[in-house]
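Q: Pasting a structure here, questions to come.
Nothing in this text is a laboratory measurement; each read-out follows from the coordinates by a stated rule. What you see is a predicted model, and the numbers here were worked out from it, not measured in a lab. Ideal geometry is used to build each Cβ from the backbone, glycine not excepted, and the neighbour counts take in all protein chains shown.
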Amino acid sequence: MKVLVAGVGGIGGWLAASLSRGGAEVELFARGAARERLQRDGLTILSGDKREAFALKAFNDISPTHTYDLIIVCVKTQDFGAVCASLQALLKPGVMLIAAVNGLPWWFLPACGSSLHLESIDPGGKISISLADISPLGAVVHASAHAIEPGVVRVVKADRLILGEPDGQQSGFVRELSECLQRGGVAAPIVPNISEEIWAKLWGNMNMNPVSALTRLSSLPILERPDLRALVLAMMEEFDAIGQELGLKLPMGANERIEITNVLGDFRTSMLADAEAHRRLEHEGILGCIVELAEKLRVPAPVSKTVYALLTGLDYSFERNKT
């Protein structure tokens with residue numbers, strides 16, 4: 001199996017190493033300092049006291065002669081379209097593509113039987129057009145990893161990578177991929193309804209990420225405050241109502257999900273880290289798509305809309321302060 005991983009941050013680096021460990025032929029698409037470091041020193045994975053080095057080919061010059069069985073794109077949601085445009089020569093019929101991003105992949109609504117188009121995740125429909133010939137593969141990452149410097153990834157916790165095909169089938173390829181990942185040390189179950197897994201993952205992200213970015217608080221302080229906990233619960237309930245319109249089920253109630261979050265311990269969201277560094281926020285992919293869905297489905301979501309407005313204002317302030 002030949003795999004290209006585009007975007008070698010925390011999750012991209014973790015997946016590349018896991019696949020290589022499992023026997024796949026892995027190459028990396030990276031730019032700038034990351035590419036230079038990867039070309040010189042390879043990919044370094046730190047996990048506990050363990051340090052592993054992987055000598056993987058890294059490049060940023062795409063050639064149509066390159067061929068892959070699978071391309072995994074691990075970038076911020078707002079960068080997904082641009083990265084796919086850079087990889088266009090490789091996106092040939094039959095190639096499998098995993099969008100390992102937060103939020104909803106471009107194929108999500110059609111797989112749910114909906115004809116709605118979301119500008120928040122696919123502006124102008126350009127992504128859907130450019131990826132019309134490839135075969136999407138769904139994946140939900142349950143892991144925490146971050147690049148502590150270019151080419152060096154610290155794995156904090158690696159739980160599992162859930163796989164599934166949008167049509168619910170289980171091809172030989174997805175079984176081969178699951179086995180490869182498991183040889184590489186990653187639990188990779190295959191599920192019949194990957195859309196529901198993606199929806200359930202976004203259920204937690206669409207509230208905790210924005211609230212943490214706006215308040216600069218990690219998870220436990222947010223849930224310990226009655227007012228903020230009520231805010232999170234209200235957003236979760238609005239999300240559930242939107243999902244019901246799409247025929248999507250959640251595995252539990254909102255209060256039960258919050259208790260699971262409590263058990264996970266105090267953690268900092270990716271959006272909180274971006275906000276503290278004054279980096280662009282994934283506000284469209286994580287919350288904007290939900291607000292847009294609410295409007296198009298005519299489902300009331302006043303709390304989510306208010307939080308989204310504040311989040312876009314925060315992101316705008318970062319852009320203004322750069323000028």
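Q: Going by how many other beta carbons lie within 10 Å of each one, how would you line up MET252, MET1, fewest first? If you can, show how the numbers build up before the last one.
A: Numbers: MET252 12, MET1 17.
Result, fewest neighbours first: MET252, MET1.
Q: Let me ask something else about it. Angle between the Cα long axis of helix 226-246 and the longest principal axis of the chain, 0 to 90 degrees, nearest 10?
A: Orientation of helix 226-246: about 70 degrees from the principal axis.
Q: While we're here: Which residue, GLU237, GLU276, GLU179, tops the fluctuation ranking in a GNM of the chain built on C-alpha contacts under 10 Å?
A: GLU276
Q: Considering the options GLY48, ALA143, GLY23, tell which one lies farthest towards the positive end of the dipole of the range 2-192, charges being +1 on Lys and Arg and -1 on Asp and Glu at the Cβ, about the Cα centre.
A: Going by the Cα projections, it comes out as GLY48.
Q: How high is the relative contact order of the range 184-323, in percent, with contacts defined as C-alpha pairs under 8 Å that are six or more residues apart?
A: Working: 128 pairs, mean separation 45.4, N = 140.
With pairs under 8 Å counted, the relative contact order is 32 percent.
Q: What shape does the range 47-174 take by its C-alpha gyration tensor, where a ≥ b ≥ c are the square roots of the eigenvalues and a/c under 1.5 counts as rounded, a/b above b/c as prolate, and the rest as oblate? Walk me through the numbers on the way to the answer.
A: Numbers: a/c = 1.66, a/b = 1.39, b/c = 1.19.
It comes out prolate by the Cα gyration axes.
Q: So, one more: For the chain, build the charge dipole from Cβ charges (+1 Lys, Arg; -1 Asp, Glu) around the Cα centre, then report which of PRO189, THR67, LEU38 sits farthest towards its positive end.
A: In the chain, that residue is LEU38.
Q: Go through LYS92/LYS126; LYS92/LYS201; LYS76/LYS305; LYS76/LYS157 and tell me which ones have a Cα-Cα distance over 25 Å in this structure.
A: Working: LYS92/LYS126 16 Å; LYS92/LYS201 29 Å; LYS76/LYS305 22 Å; LYS76/LYS157 20 Å.
Pairs exceeding the cut-off: LYS92/LYS201.
Q: In the range 2-192, what % of DSSP beta bridges are antiparallel (nearest 5)? Intermediate results must be reported in sequence, preceding the final value.
A: Numbers: 16 of 39 bridges.
Restricted to the range 2-192, the bridges split so that about 40 percent are antiparallel.
Q: Return a whole-number percent for the relative contact order of the chain, with Cα pairs under 8 Å and 6 or more residues apart as the contact set.
A: 17
Q: Between PRO105, CYS180, LEU131, whose Cα lies farthest towards the positive end of the dipole of the range 2-192 when Lys and Arg beta carbons carry +1 and Asp and Glu beta carbons carry -1, centred on the Cα centre?
A: CYS180
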